[in-house]
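Quick notes on the structure that follows.
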Amino acid sequence: MPKYKYKAKKGPNEFIEGIISSSSKKEAIEELSRNNYIPVSVEEVYKKTFNLAFKKISFKDITVFTYQLAVLLKSGVSILDSLNILVQQAQNIYFKNIIEEIYFDVKSGSTISDAFSKFPEVFSKFYIAMVKSGEDGGTLVDTLFKIVEYRRRQEELFSRFRMALVYPAFMLLVGFFTILFMFTFAMPRLLGIYSSLGKSLPLPTKILLFITYGFKKYSLWIIIVFLLIILFLKRYFYSNKILLSKFKLKIPIFGNIIFKKEMAVFSRTLSTLIKSGVPILRAIEISTPVLKNEVLIYQLKEAHRELERGGSFGLFLKKSKIFPLFISNLITVG
């Protein structure tokens, strides 16, 4: 539904501003009139850019916004003035529109957590739960700084994860090109040498030469078949995310790295929420979607249900046989 930014007269010398959702400009004006407001100006906002907004806002944009908001509030600037300042200095036009709507929502009486919750694609459940916890406890500034620290550590973790994958991926690439070089250059020359000597070849060498001959003669078909297999596996795994997630966890070297990264993300998120006063059940519920692996998400959701029924979260994880005993025992003791 389109959104309209309005300015209306409330009393003899009182004007209000805000954003209203309506199917048309005419209906927006009529709704303002029904609320005993005299519309001064009504303009549609986010005509083309709003739908693309969530695709254009980076992880860093949100972190910087949170830090600047925390600094302004700590300096004694009111929440409305802080948001207004951030609207004016926002360089990302898409994010600027969102901050502006948050500003008008708060000005209309909404809490900042409710205003954030209107943009779940930008502000995660974790983010909103933390802000709400800070509002309820009167520690919003400290909570915002905690969010900034959490996001900074998350960024460091993702950076380390990418670096951990670089070396194995590089070695696989080197191995692939080494094999390619052997079959396309080394083996044909070896065949020429043996042929000139007139000696019979050992069986392993004959097999390698046969593969080399087949690769050179049918290289185009081999590439086509290889691409078709990749396409088939991609479509198959896309329709079965659980199977793909299981496969990822079982890949040598990479599977262990993926699992450790997922557990680090979950543990850090859960710890931050609990320290901020979020109840354990709610904290687990919010922390689980942060993960990317469907197998781990499913097991944690089942463990959450077990905890709701009065069971043990740690014992359930131990029975799943996916989580290491160290992790499940540590949770059980805690």
Overall Cα dimensions of region 249-333, principal axis frame, Å, largest first: 38, 25, 21
Additional length obtainable on full extension of the chain from L80 to E306, 0.36 nm per residue less Cα span: 77.1 nm
Relative contact order (percent, whole number), the chain, Cα cutoff 8 Å, 6+ residue spacing: 11 percent
Max mean-square fluctuation residue, GNM over the chain, Cα-Cα springs under 10 Å, options F161, F177, F119: F177
Among I193, G175, S41 - extreme Cα towards positive end, dipole of the chain, charges at beta-carbon: I193
Average projected area [Cα convex hull, region 3-45], square nanometres: 2.5 nm²
Mean ellipticity per residue at 222 nm, deg cm²/dmol - from DSSP H runs of n ≥ 4 across the chain, formula -39500 (n - 2.57): -22500 deg cm²/dmol
Above-threshold pairs, the threshold being 20 Å between Cα atoms, out of K261/K292; K146/K260; K118/K292; K96/K132: K146/K260; K118/K292; K96/K132
Taking the convex hull of Cα positions in the chain, its mean projected area over all directions (nm²): 26.4 nm²
Most mobile of Y94, Y37, Y298 in a GNM of the chain (Cα contacts under 10 Å): Y37
Nearby lysines by direct alpha-carbon distance to K216 (threshold 25 angstrom, same-chain neighbours under 8 apart not counted): K199, K206
Range in the chain, longest, excluding exposed trypsin sites (Lys or Arg not before Pro) [loop by DSSP; at most 12 other beta-carbon atoms within 10 Å]: 49-198
The chain - charge dipole about Cα centre, Lys and Arg +1 at Cβ, Asp and Glu -1, debye rounded to 20: 1760 debye
Cα-based helix-to-principal-axis angle, 79-89 vs the chain, degrees rounded to 10: 60 degrees
GNM flexibility winner over the chain from L144, L296, L307 (Cα, springs under 10 Å): L307
Relative contact order (%) - criterion: Cα under 8 Å, at least six apart; region: region 249-333: 18 percent
Estimated vicinal HN-Hα couplings, Hz - region 176-183 in sequence order (Karplus 6.51, -1.76, 1.60; Gly, Pro = x): 4, 6, 5, 5, 4, 5, 4, 6
Taking only Cα atoms of region 59-153, radius of gyration then Dmax in Å: 12.0, 35
3J(HN,Hα) from dihedral phi, region 145-159, Karplus parametrisation 6.51/-1.76/1.60, rounded to Hz, x for glycine, proline: 5, 5, 4, 4, 5, 4, 5, 5, 5, 4, 5, 5, 4, 5, 5
³J(HN,Hα) computed for each position of region 62-68 - Karplus, 6.51 cos²θ - 1.76 cosθ + 1.60, integer Hz, glycine/proline x: 5, 5, 5, 4, 5, 5, 5
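Just so you know, all these numbers are worked out from the coordinates, no wet-lab data involved. This one's a predicted model, so the numbers in the text were calculated from it and none came from an experiment. Please note: Cβ atoms are built from the backbone with ideal geometry, for glycine as well, and neighbour counts cover all protein chains shown.
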